[in-house]
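Peer 1: The structure is given below, and queries will be raised subsequently.
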Amino acid sequence: MSPHIPFPKDDDLDSETKEILSILPPLNLFRMLGNAPASIKEFLDMGASILMRSEFDARKREIAILRVGHANNAPYVWHHHVAIGKTTGITDEEIEKIACDGPVTSLDEEGNLLCRVAEEISRDVRLSDDALAKIVERYGNRGATELILCCCWFCLAARFTESTRVQIEEE
């Protein structure tokens, strides 16, 4: 068996972590976070702030998250956000285009820009001056900041799930 970090056993969880996990969907990502009880609540709060409280458009957010998942070779993030993305109106054709090798150029201008931002943050860490200027012009300071934060946070989620070897849940 290849190396991996096992999920914590119920008996090894503190009461606060057990309570948090009891109210969440049974996702492997959440269970793995049980191994980091000091961070689970804040990790979830940050994710919720991006997914549920951000003013950035959900469809645009999901295009960026899908590109982060692809750019980071993170099947867990990709799998879950294909489903979420479809609920925001992303089509199968668009999903296929987001998953291309090399720069995304076959979406509309805005979709290509969202993918470029996600790709640059995933690959280079620092967003290029040109891409930064374009998203500030298009979305303003708040929208640009929320997009960057979203891409950065999902890079974290991608790296966490891949490095701990979190598997996609069995259907």
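Peer 1: For a quick check of your reading: which helices (runs of 4 or more DSSP H) sit entirely within the stretch 15-62 and have at least 1 residues that are open to solvent by less than 70 Å² (accessible area, probe 1.4 Å) and in contact (Cβ under 8 Å) with a residue 40 or more places away in the chain?
Peer 2: Qualifying helices (runs of 4 or more DSSP H): 28-33, 40-48.
Peer 1: Within the stretch 103-120, is even one residue open to solvent by 30 Å² or more (accessible area, probe 1.4 Å), within 13 Å of the chain's Cα centre (by Cα) and touching a residue at least 40 places away in the same chain (Cβ under 8 Å)?
Peer 2: Within the stretch 103-120, one or more residues are open to solvent by 30 Å² or more (accessible area, probe 1.4 Å), within 13 Å of the chain's Cα centre (by Cα) and touching a residue at least 40 places away in the same chain (Cβ under 8 Å).
Peer 1: Determine which member of the set Ala131, Ala99 is without any contact (Cβ under 8 Å) to a residue 24 or more places away in the chain and in contact with a helix residue (DSSP H, G or I) (Cβ under 6 Å, 6 or more places away or on another chain). Talk me through it step by step, then tell me what you get.
Peer 2: Values: Ala99 fails: without any contact (Cβ under 8 Å) to a residue 24 or more places away in the chain.
Selected residue: Ala131, the only one of Ala131, Ala99 that is without any contact (Cβ under 8 Å) to a residue 24 or more places away in the chain and in contact with a helix residue (DSSP H, G or I) (Cβ under 6 Å, 6 or more places away or on another chain).
Peer 1: For Glu162, indicate whether it is among the acidic types (Asp, Glu), touching a residue at least 60 places away in the same chain (Cβ under 8 Å) and surrounded by fewer than 16 Cβ atoms within 10 Å (Cβ to Cβ).
Peer 2: Yes, satisfied.
Peer 1: Something else: Being free of Cβ contacts under 8 Å to residues at least 24 places away in the same chain, surrounded by 13 or more Cβ atoms within 10 Å (Cβ to Cβ) and assigned to a helix (DSSP H, G or I) is true for just one of Val68, Val82, Val77. Which residue is that?
Peer 2: Val82
The values are calculated or read from the model by the stated rules, or taken from the named source; none is laboratory data. None of these values were measured; they are calculated from a predicted model. Note: ideal-geometry Cβ built from the backbone for every residue, glycine included; neighbour counts use all protein chains shown. These area figures cover heavy atoms from the full protein model, side chains too; ligands, DNA and RNA do not enter into them. Shrake-Rupley method; radii C 1.70, N 1.55, O 1.52, S 1.80 Å.
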